[in-house]
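Taking it in order: structure first as structure tokens, then the write-up.
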Amino acid sequence: MNIAPVHVTALESLGYTEKEACFLYLVATHSGYFVARQFLAFAGLQGGQRMTHLWNKTQSRKHTRSHQMPGHGTVYHLFSRTVYHQIGGENMGNRRQHETEYIEVRIAMLDFVLGNPGLCYLETEGDKLGYFNGELKIGVAHLPSKTYHGRRAAQPTIRYFVDRFPMFFQDRNSTPRVVTFTFIQGAEANLSAFVHHLHAYLPLFRELGEFRFLYLARSDAHFRKAHELFHSFVTISLESNPAEDLLRYFSIRKAWDSREYASLTEDDLIFRNLAKQRFFGQRFEHFYRAWKAGRLAESQIRCQLTGSEMPHLAQFDAQILKPFAPPGEVEEADQ
């Protein structure tokens, strides 16, 4: 990653060393929260002495607050408006206090960024708008957004990409540039937040000819299900005429289940075998049972699977996200 010298200089003017300024810039931009092991690994240090020094600096300047959190020990929150003002990020949501689950994900975000410094990140809301709306000419109506109604503001404020999950290119100079989206799984036992995230981004995905998606989690417990959900809600939704193919598959499957074999042709059976591999997962099983029982109309299926006439190449991958820690402290950080 290349941090603009102007941002480093701006934070150095608050009394921080170059290494501290670079670290605080990454915290402010990507997470808002950090733990000691992350700074120590970033600075190439071991032990807590330098961490105590940084903490004393940020606390005396009222730039951070700290609290204890299970599994992490002391967690530091970079909240000072002064710090964010120095890098032009007064409106960043990272300044605000959040719930434990949110903080867990933010610490994981910073782990990813610190562990992958060679990627070219779209760091801020402005960077993302500049790429999708400015460079690619995609209308803001297709971008994931959230509307905020302030007590004093006469007009509501629309913010884009409020999840702030890392978004990047593998190489700054590659042509064409293919963007990678990410989602970081929290401690939830289900994937409802992941499904919500895919729904929010699907209008943008429809506008992209090619993109990558990276699902990140502390364990591989949800990897298979996450891939199934991405296939069901994104891959199939970006294909041409998926609803008509699904309805044909349902019709053939119903005849097969009813043992009406004579009504099926060889082409039907070939289509059935291919469609069975294509339309896998609980979503389509639910559709089939509801359609077969008359609770789901064909028009409703067509509304949910509108498809796309534009060709798409969407690549999905899942990776374990390990804590970013100094050598010798990785095992402890994993606990």
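The values are calculated or read from the model by the stated rules, or taken from the named source; none is laboratory data. This is a predicted model, so every value here is computed, not measured. Because the Cβ atoms are built from the backbone with ideal geometry, glycine has one as well, and the counts that use them run over all protein chains shown. Ligands, DNA and RNA are stripped out before the accessible areas are found, and what is left, the full protein with its side chains, is counted by its heavy atoms. Shrake-Rupley method; radii C 1.70, N 1.55, O 1.52, S 1.80 Å.
Count of the stretch 209-230 residues, restricted to those that are open to solvent by 30 Å² or more (accessible area, probe 1.4 Å) and either within 21 Å of PHE194 (Cβ to Cβ) or charged (D, E, K, R) (or both), is 12. Every condition in (1) at positive phi; (2) within 33 Å of the chain's Cα centre (by Cα) is met by GLY294 except one, and the failing one is (2).
Select from the stretch 161-180 the residues that are over 20 Å from ILE103 (Cα atoms) and either of a type in the set (Gly, Ala, Ser) or open to solvent by less than 40 Å² (accessible area, probe 1.4 Å) (or both) and list them in ascending order. Full working, then the answer.
So the first thing to find is which residues in the stretch 161-180 are over 20 Å from ILE103 (Cα atoms), and the list is 168-180.
Matches in the stretch 161-180: PHE168, PHE169, SER174, VAL178, VAL179, THR180.
For the stretch 118-138, the tally of residues that are in contact (Cβ under 8 Å) with a residue 12 or more places away in the chain, closer than 13 Å to LEU208 by Cβ and assigned to a loop (DSSP other than H, G, I, E, B) stands at 2.
Criterion applied to THR64, THR58, THR29 was being touching an Asp or Glu at 6+ places or on another chain (Cβ under 6 Å) and either open to solvent by less than 50 Å² (accessible area, probe 1.4 Å) or among the acidic types (Asp, Glu) (or both), and the one residue passing it is THR29. Identification of helices (runs of 4 or more DSSP H) wholly contained in the stretch 252-335 with 3 or more residues that are among the aromatic types (Phe, Trp, Tyr) yields 282-292. Just to be sure I understand the filter: pairs with C-beta atoms under 9 Å, separated by 6 or more residues or on different chains, first member in the stretch 4-16 and free of Cβ contacts under 8 Å to residues at least 40 places away in the same chain, second member assigned to a helix (DSSP H, G or I) and open to solvent by less than 40 Å² (accessible area, probe 1.4 Å). Which pairs pass? So the pair list comes out as ALA4/TYR25; VAL8/ALA21; VAL8/CYS22; VAL8/TYR25; THR9/ALA21; GLU12/GLU20; GLU12/ALA21. Scanning the stretch 209-226 for residues that are part of a helix (DSSP H, G or I) and in contact (Cβ under 8 Å) with a residue 24 or more places away in the chain, we see that the one that is nearest to SER237 (Cα to Cα) is ALA226. Of all the listed residues (ARG259, ARG206, ARG248), the sole one being in contact (Cβ under 8 Å) with a residue 60 or more places away in the chain, basic (Lys, Arg) and open to solvent by 40 Å² or more (accessible area, probe 1.4 Å) is ARG206. Note on the stretch 76-117: residues that are assigned to a loop (DSSP other than H, G, I, E, B) and among the aliphatic types (A, V, I, L, M) total 2.
Within the stretch 130-152, is even one residue among the acidic types (Asp, Glu), loosely packed, with under 13 Cβ neighbours inside 10 Å and more than 17 Å from the chain's Cα centre (by Cα)? Among the residues of the stretch 130-152, at least one is among the acidic types (Asp, Glu), loosely packed, with under 13 Cβ neighbours inside 10 Å and more than 17 Å from the chain's Cα centre (by Cα), which makes the answer yes. Tallying residues that are in contact with a Lys or Arg (Cβ under 9 Å, 6 or more places away or on another chain), surrounded by fewer than 16 Cβ atoms within 10 Å (Cβ to Cβ) and touching a residue at least 24 places away in the same chain (Cβ under 8 Å) within the stretch 282-305 yields 2.
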